[in-house]
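Asker: My questions all concern the structure below.
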Amino acid sequence: MADRSSGRTSMIWRDGQLVNWEDATIHVMSHVVHYGSSVFEGIRCYETPTGGAVFRLRDHMRRLVDSCKIYRIPMRHSVDQLCEATVETVAANDLTACYLRPVVVRTGEQMGVLPTGVPVETFIIAWRWGAYLGHDALENGVDVRVSSWRRAAPDTFPALAKAGGNYLNSGLSKMEARADQYAEGIMLDSFGFVSEGSGENLFAVRDGVLYTSTISAGILKGITRESVMTIARDLGYEVRVETLPREFLYVADELFFSGTAAELTPIRSVDRIQVGEGKPGPITRAIQDQYMGIATGRLPDRHGWLTPVPAAEASSGRAAAEVAGAHA
């Protein structure tokens, strides 16, 4: 059984087989250790009335494969195989809710930036993880600051790839924010326009219209971001994808982060300037309720975003059949 005292679980998927948690190791000489050469995803499995269900699994795995392509990392598993492996991992750990971390890393035992002949390994990790910024943040919102660290310019690091090395930049913003007693930082792009949080996309509401930055602003093209825009349109709200100046943050009626880990986290102040009434606004709440309702099975899955996970005793063959059926 898994260790219930921490987020760790029992089994990790490693290139086609489930291994014990403690056996999923790499060597200190691995290329990824020295040069940050990894790509990854963050995915959530939610408990629903009919069991566990993974949110937008196929979309996440497609982006993982895309990230490999951008960084020229050979990927030998198909999107379908990765989806099947994810369901198998959740079931093997006897989970109905968890955070999932697929990660592709360059390993090996050689020195040098050029990864010629370097092995590539793929892992899928299940982790028990609650609200990223805390349950209170989801309910009451968070206080944030504009970071002094900016997102990379468009001709430096490819932002469309969710790469491990890219997050060194995020870590600086997050540490700076916490040192100054803020929950999170909002980063600007290389031109000084609004980009995103350290690990979340950002939305603003002004006069009933939902705004978010363009993908040219150094943001990750978030899957939760796309879900939010879809839900907002379903609810009848206008959605605009635009270049946003920093000061737009100060005059917004509502602000919120979106992301797999953060889900929909309201923002109540930026740089000590209150956002709206200083509490989650009605549009934020409406979208948040729809998002969580669909993810947890409380509302109909009208967009086909959920992949069911079979009971723990199910065989891997049945798990594969469930995934195939979910995407038929």
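The values are calculated or read from the model by the stated rules, or taken from the named source; none is laboratory data. The structure displayed is predicted, hence computed values, not measured ones. For neighbour counting, all protein chains shown are included, and Cβ atoms are generated from backbone atoms with ideal geometry for every residue, glycine included. Heavy atoms of the whole protein, side chains included, go into the accessibility calculation; ligands, DNA and RNA do not. Shrake-Rupley method; radii C 1.70, N 1.55, O 1.52, S 1.80 Å.
Asker: Taking the options Arg150, Arg106, Arg76, name whichever one is open to solvent by less than 70 Å² (accessible area, probe 1.4 Å) and not hydrophobic (A, V, I, L, M, F, W, C).
Answerer: Result: Arg106 is the single residue among Arg150, Arg106, Arg76 that is open to solvent by less than 70 Å² (accessible area, probe 1.4 Å) and not hydrophobic (A, V, I, L, M, F, W, C).
Asker: If you don't mind, another one. Output the number of residues of the range 50-76 satisfying the condition of being within 19 Å of Pro300 (Cα to Cα), in a helix (DSSP H, G or I) and of a type in the set (S, T, N, Q).
Answerer: 0
Asker: Keeping to the range 45-70, report how many residues are open to solvent by 70 Å² or more (accessible area, probe 1.4 Å) and not β-branched (Val, Ile, Thr).
Answerer: From the range 45-70, those open to solvent by 70 Å² or more (accessible area, probe 1.4 Å) are 47, 49-50, 58, 62, 69-70; that's our starting set.
Next, from what is left, pick out any that are not β-branched (Val, Ile, Thr): 47, 49, 58, 62, 69.
Residues in the range 45-70 being open to solvent by 70 Å² or more (accessible area, probe 1.4 Å) and not β-branched (Val, Ile, Thr): 5 in total.
Asker: Moving to a separate point now. Please go through the range 209-256 and pick out each residue that is under 23 Å from Phe40 (Cβ atoms), part of a helix (DSSP H, G or I) and basic (Lys, Arg).
Answerer: Result: Arg225, single match.
Asker: Can you pull out the residues in the range 97-115 that are over 21 Å from Ala159 (Cβ atoms) and out of contact with any helix residue (DSSP H, G or I) (no Cβ under 8 Å at 6 or more places or on another chain)?
Answerer: Ala97, Tyr99, Glu109, Gly112, Leu114
Asker: Hey, another quick one. Name the residues in the range 179-207 that are open to solvent by 10 Å² or more (accessible area, probe 1.4 Å), within 15 Å of Ile267 (Cα to Cα) and outside any strand (DSSP E or B), would you?
Answerer: Gln181, Tyr182, Ala183, Gly199, listed by residue number.
Asker: So which residues in the range 223-241 are open to solvent by less than 70 Å² (accessible area, probe 1.4 Å) and out of contact with any helix residue (DSSP H, G or I) (no Cβ under 9 Å at 6 or more places or on another chain), if there are any at all?
Answerer: Within the range 223-241, Arg225, Met229, Thr230, Gly236 meet the criteria.
Asker: Could you give me the residue pairs with C-beta distances under 6 Å whose first residue belongs to the range 216-234 and is β-branched (Val, Ile, Thr), whose second residue is open to solvent by 40 Å² or more (accessible area, probe 1.4 Å) wherever it lies, and which are 6+ apart or on separate chains?
Answerer: Close Cβ pairs satisfying both conditions: Ile223/Asp59.
Asker: Right, Arg101: basic (Lys, Arg), in contact (Cβ under 8 Å) with a residue 24 or more places away in the chain, open to solvent by 30 Å² or more (accessible area, probe 1.4 Å) and touching a Leu at 6+ places or on another chain (Cβ under 8 Å) or not?
Answerer: Numbers: basic (Lys, Arg): yes; in contact (Cβ under 8 Å) with a residue 24 or more places away in the chain: yes; open to solvent by 30 Å² or more (accessible area, probe 1.4 Å): yes; touching a Leu at 6+ places or on another chain (Cβ under 8 Å): no.
So Arg101 does not fit the description; no.
Asker: Look through the range 257-278, keep the residues that are in a strand (DSSP E or B) and free of Cβ contacts under 8 Å to residues at least 60 places away in the same chain, and return whichever of them is least open to solvent (accessible area, probe 1.4 Å). Working first, answer last.
Answerer: To start, the set of residues in the range 257-278 that are in a strand (DSSP E or B) comprises 257-259, 263-270, 273-274.
If we keep only those that are free of Cβ contacts under 8 Å to residues at least 60 places away in the same chain as well, we get 258, 273-274.
On the way: Ser258: 1, Ile273: 70, Gln274: 110 Å².
Ranking the candidates gives Ser258 first.
Asker: State which residue pairs qualify: first residue surrounded by fewer than 19 Cβ atoms within 10 Å (Cβ to Cβ) and inside the range 155-171, second residue acidic (Asp, Glu) in any location, beta carbons under 8 Å apart, and separation of 6 or more residues or different chains.
Answerer: Leu160/Asp66
Asker: Continuing with this model, one more query. Since Leu210 meets every condition but one in (1) closer than 20 Å to Gly164 by Cα; (2) open to solvent by less than 30 Å² (accessible area, probe 1.4 Å), which condition does it not meet?
Answerer: Looking at each condition in turn, Leu210 falls short on (1).
Asker: Of everything in the range 284-302 that's open to solvent by less than 20 Å² (accessible area, probe 1.4 Å) and either in contact with a Phe, Trp or Tyr (Cβ under 9 Å, 6 or more places away or on another chain) or among the hydrophobic types (A, V, I, L, M, F, W, C) (or both), which residue is nearest to Val144 (Cα to Cα)?
Answerer: Ranking the qualifying residues of the range 284-302, first place goes to Thr284.
Asker: For the structure I just gave you, tell me whether Met111 is open to solvent by 40 Å² or more (accessible area, probe 1.4 Å), part of a loop (DSSP other than H, G, I, E, B), out of contact with any Asp or Glu (no Cβ under 9 Å at 6 or more places or on another chain) and not hydroxyl-bearing (Ser, Thr, Tyr).
Answerer: Here the answer is yes, as Met111 does meet what is asked.
Asker: Take the residues in the range 1-49 that are in a strand (DSSP E or B) and aliphatic (A, V, I, L, M), then tell me which one is nearest to the chain's Cα centre (by Cα).
Answerer: Looking at residues that are in a strand (DSSP E or B) and aliphatic (A, V, I, L, M), I get Ile43.
Asker: Do any residues in the range 279-296 that are under 20 Å from Pro49 (Cβ atoms) have Cβ atoms under 7 Å from those of residues that are open to solvent by less than 30 Å² (accessible area, probe 1.4 Å) and of a type in the set (Gly, Ala, Ser), where the two are at least six apart or on different chains, and which pairs are they?
Answerer: Tyr291/Ser227
Asker: Would you confirm whether or not the range 27-44 contains a residue that is open to solvent by 70 Å² or more (accessible area, probe 1.4 Å), touching a residue at least 24 places away in the same chain (Cβ under 8 Å) and in contact with a strand residue (DSSP E or B) (Cβ under 7 Å, 6 or more places away or on another chain)?
Answerer: no
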